[in-house]
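Reading through the C-alpha cells given below for one structure.
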C-alpha cells in the first residue's frame, strides 16, 4: 500500500498527488488500506492521530483591538484628527466633539463590516456534515463526522450531506446535488467507473465531495480526503488566501486626502510666513491665523456626508432587491465595467422546463415557464392540440406515468415541485397536454419499477389498466433507450426504427443546450407483475419520441443584459456547467457563439490566459481557481469587476472581485458571507438596478465634494485675503466655525438625496483610475470660490465705506457668503448638465429641485435669521440686525453667482442631446 500523506490539521494541505477519480475502486481500496469490512477501531484511532479531525481549520484572525485601530490608518482620518486637535487647542469643544464623533462612528462601521467579512470561512466550515454512517469492525455505526479518516467506508442515503471526499464503490440510483461546487442545475448521476485523470470536477462520476447533498438513491464510498484536504477545504484555503481589493472610492479618497492635506498645510504655512515676514505680525497671532485657516479649509463634515450618501444608496438598493453588506460597495457598483455572472439561477430560472418534443410525426415547441402546468404546444407557427396528435398524447402520458415527481401549489399560488427536477419538468409537460396525474394513475396504476441508476441511465415502470392490459414504459438517455427499441410510433401505426435519424435529432437538440430524454413503450401481458432487465430486451420497445429540457433564461435578465450593453458594461458568463449548455445560453443572451472550457484554460500560459479572459465571453466547466484567475486577469486591465455566484466554489472569486454579488434565495452561506452584495430575488436584473443606483451615489458624492470644497475654501480664502492685504478680518474665526457647523448639517447633506440624472445609464463606465475631481470640476470650484469671496468681501467693504459698524459689516459678509453657498448648491445639483440635472440652465430648472434641497435651504435660512437677529447669538458671534434691502441685495448677488456658474457650464460641459 502506498504511504498516506500526513497532513497536519493546522496547515494548508499539499496538492493531492492521487487522482482518485481516475483509479478503479479496488485500486483505491488497496492504496488506502480499506478492507471490505471497514477499518478496525485501533487503525481508525491511529489514522485520526495522523490526519487530525475531519474539520476545516479556522483562519488566523487579527485581535479585535488591532482590527479597530486599523480603521484609523487613513490619511483623511489623520487630517480629521488633526483638525479636532486644533479645535481643542482653540477651545472649540463642540466642533472638536463633532469631528472626533465622526471619526469614531466611521471606525466602528468599518470594524463591524470587517468582522462580518471574516464570517465567510465560518460559513464554509459549517457546510460539513455533523454525522456519518460508517463501516467499522464489520458493523455500520453512526459517528461524529469529525472522526472520519482516509480509508473509512461511508454509507450514503437520500438527504444526507456528504461528510468527506469519497471514492464511490457502490452507487444505486445515486444522484448528488453538486451545484455548490459545480454550478450544475440538476443533480449529478453517480457511478463507480473510473474517468480520465484530467476530467473536470463535474464529470467525476465516481466521486462524492464533502458538503454536497444526496438527492436520490444510495451509495457507499471510501474516504479519500478529510478536513482541509477535501475539495471544500481547498476552496476554504483559497478563500483565506484571497486579498480583498480596495474599492475605487477608497483609493480615490486616499489620493484626494493626500492632495487636500498637502494643499491645506502649504496654504497655512504660506499664510504664517507672509504675515510674519511681510507685515511683521507677532508669530503667535500668525500661528492662530494659520490654524484658523486650516480649520476653515478642512471639510470636517465630508466623511459624515459620504457615509450618509452611501447609506441612502443602500436604502434605495434594498428597495430594488439588492442588499449591501459592505458600505463602499454602493459606490463601486457605479464604476463596474464588466459583470462576470454565473448561469444557473441568475441568468436562468434554475427550473427545468420541457421546451421541445420530437415525435416521428413532427417537432413541437412547448410554451410556459417554471413548473407551472400552463403552456401551449406549437409546430412552427401553428398551435397544436396535443389531444389530436396521437403520438404526442401517448408521449405525454408516458412522461406522466414513468415519473416520481409531484407538483402542487403553495399558499401564494406558485407551483412547486418535489422530486427530481427532470421528472418535475416531464410532469409539467404532461399536465400542459391536459392530463390529470390522479386520473391517469387511477386508470393505469403502477405495479413495479426499475429505478434510474447512472450505470443504466434509464428508468422503467410497469402498469396495468382496468381493461386488462399491461404497459411497460421507459425513459432515459437517448442512446440507451434507442438500444432497447426496434420500432417507432407513428400516427398511422408502428414503423421500423430509423436509428440514424433519431441520433441526428438527439444531436440537434443537445446542440441547443437542451438535456435530451427519450421515451418508449411496449404492451405487455397482464400477468407480468414484476420487471427485470430481460423484460426490456425480450421483444424490443417502441420509441415514442424525444424531449428537450432546458433551464430557461429569465426574461428580465435578457432585458438587463441588453441594458448593460447600452451602458457600456461587458457581461461574461462563467459557469461550471457543460460547454453545450453554456454556449446555448450564451447565444440566447447575445454573448457570442464561442465557449472556452476550463481544461482549455489550463493549457494556457499567463499571457494566453489573460488574452482569453479579455477576448471571450462564455466560460464553461470552470473551477474556483479558473474563476479567481479570470477576475484577476480582468482587474489587471484596469477594469472594475462585479462577480455573481451562489456556490461555495464561487466564494474566492466573490471575495476577490471589486463587488461580489451572491444569491439570496438559493445561494450558500459561504457565498453570501464572501460577497459585498446579496440579491434578495436571485435576479440579474437587480444587478443592473444596483449599478444605476451606484452611479447615482457616485454622482452625488462628487456633487457634495464639488459643493463643500469651494465653500470651505472660500471661508479660508477670506482669512487668507485679509492676512495678505494686512486688513481686518471680514469674518471672525468663531463666525467661520458657525458657518462650518450649520452648513454641514443642512446644505452639506442635501445632495446625498438627489435622484439620478437623465441618461445616467447611457454613459460608459468611468475608468477605474479616473480622479474624483475632473479638470472641469476644478475650474467650476475655482470660479465659485472666487465669486463667494468677492461677495463676502464686497458686502463687507461696501458697508464699511457706508460708515456702518464692524458688527454690521461682518454680519453682511457672513450672510452674503451663506446666500452665495445656497445658490451654488443649486448649481451643484447638475453635475452633467444644468442646475436641475436636466441639461437646461436657469433658475426654473433649479426651482424644480428635490425636497431635501429645499428643506435644507429653509433650515439654513432659519438658522441665519437667528444668527442675525437673536440677541443671544448676536452677543455670542458679534452680529447685528440688517434691513430687508440688504437681504434683497445679497439674494441678487447670489442669483448673479448662480447664472455665472451656469454660463461656465454651458461653455465647458458637453450638453446632453
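Going by average Cβ neighbours within 10 Å, how do the peptides 163-173, 458-468 rank, with the highest at the top?
Details: 163-173: 24.0, 458-468: 17.5.
Packing proxy ranking, top to bottom: 163-173, 458-468.
Taking every eigenvalue of the Cα gyration tensor of the range 398-555, multiplying by 5 and rooting it, what semi-axes result, largest first, whole Å? Display every interim value, and only then the final one.
Working: eigenvalues 122, 96, 39 Å².
Taking √(5λ) for each Cα gyration eigenvalue gives 25, 22, 14 Å.
Give me 757, 538, 770 ranked fewest to most by other Cβ atoms within 10 Å of their Cβ, as a rough exposure proxy. Display every interim value, and only then the final one.
Values: 757 22, 538 9, 770 12.
Ranking 757, 538, 770 by Cβ neighbours within 10 Å, fewest first, gives 538, 770, 757.
Arrange 769, 21 by Cβ neighbour counts within 10 Å, fewest through most, would you? Kindly include the intermediate steps, with their values, before the conclusion.
Values: 769 10, 21 21.
Fewest-to-most Cβ neighbours within 10 Å comes out as 769, 21.
Along each of the three principal axes of the Cα atoms of the range 712-758, give the extent in whole Å, ordering the values from largest to smallest.
47, 23, 9
Have a look at the DSSP beta bridges in the chain and tell me what percent are antiparallel, nearest 5. Before the final figure, lay out the partial values.
Values: 80 of 102 bridges.
Just about 80 percent of them are antiparallel.
Please state the equivalent ellipsoid semi-axes for the range 636-718: what are the square roots of 5 times the Cα gyration tensor eigenvalues, largest first, in whole Å?
Numbers: eigenvalues 258, 38, 23 Å².
The equivalent ellipsoid of the range 636-718 has semi-axes of 36, 14, 11 Å.
Scattering from the C-alpha atoms of the range 851-913 alone, worked out with Debye: what is log10 I(q)/I(0) at q = 0.18, 0.19, 0.28 1/Å?
So the normalised log intensities are -0.84, -0.89, -1.11.
For a quick check: sort 65, 738 by the number of other beta carbons within 10 angstrom, fewest at the front.
Values: 65 8, 738 22.
Taking fewest neighbouring Cβ atoms as first place, the list is 65, 738.
Which values of log₁₀ I(q)/I(0), to two decimal places, follow from the Debye formula for the range 757-801 at q = 0.19, 0.31 Å⁻¹ with a uniform point scatterer at every Cα?
Summing over Cα pairs of the range 757-801 leads to -0.75, -1.01.
Rounding to the nearest 10 and keeping the result within 0 to 90°, find how far the Cα-based axis of helix 555-566 lies from the longest principal axis of the chain.
50
Order of 572-579, 547-554, 610-617, 866-873 by packing, highest average Cβ count within 10 Å first? The partial results should precede the final answer.
Values: 572-579: 25.0, 547-554: 22.6, 610-617: 17.1, 866-873: 14.5.
The packing order, highest mean first, is 572-579, 547-554, 610-617, 866-873.
Expressed in nm to one decimal, what extension gain is obtained for the pair residue 172 and residue 382 from 0.36 nm per residue of sequence separation less their Cα-Cα distance? Show your work: numbers first, answer last.
Numbers: separation 210, 0.36 × 210 = 75.60 nm, distance 4.36 nm.
This chain segment gains 71.2 nm when fully extended.
Taking a quarter of the surface of the convex hull around the Cα atoms of the range 599-674, what do you get in nm²? Mind dumping the intermediate values first?
Details: hull surface 19.2 nm².
Reported value for the Cα convex hull: 4.8 nm².
Compute from the Cα atoms of the range 522-584 the Rg and the Dmax, the latter being the longest Cα-Cα distance, and quote both in angstrom.
Answer for the range 522-584, Rg first and Dmax second: 23.1, 68 Å.
So what's the Cα pair-distance distribution over the range 327-380, bin width 5 Å, in %?
Going out from 0 Å in 5 Å bins, the range 327-380 shows 4, 14, 15, 13, 13, 9, 8, 9, 7, 4, 2, 1 percent.
Which length gain, in nm to one decimal place, applies between residue 870 and residue 48 when the Cα-Cα distance is subtracted from 0.36 nm times their residue separation?
Details: separation 822, 0.36 × 822 = 295.92 nm, distance 8.05 nm.
So the chain would gain 287.9 nm between residue 870 and residue 48.
Going by average Cβ density within 10 Å per residue, which order do the peptides 371-378, 804-811 take, highest to lowest? Could the numbers behind the result be given before it?
On the way: 371-378: 17.6, 804-811: 19.6.
Those peptides, ordered most packed to least, come out 804-811, 371-378.
What's the long-distance tail for the chain, i.e. % of Cα pairs beyond 57 Å?
On the way: 119590 of 416328 pairs.
It works out to 29 percent of all Cα pairs.
Helix 606-615 sits at what angle to the longest principal axis of the chain, using alpha carbons and giving 0 to 90 degrees rounded to 10?
Tilt of helix 606-615: around 90 degrees.
What span do the alpha-carbon atoms of the range 162-229 cover on each of the three principal axes, reported in whole Å from largest to smallest?
Sorted largest first, the three principal extents are 26, 24, 24 Å.
If you bin every alpha carbon distance in the range 553-707 into 5 Å steps from zero, what whole percent lands in each bin?
2, 9, 17, 21, 23, 16, 7, 3, 2, 1, 0
Bear in mind that the values in this text are calculations on the coordinates, not laboratory data. No experiment lies behind these values; they were computed from the predicted model shown. For neighbour counting, all protein chains shown are included, and Cβ atoms are generated from backbone atoms with ideal geometry for every residue, glycine included.
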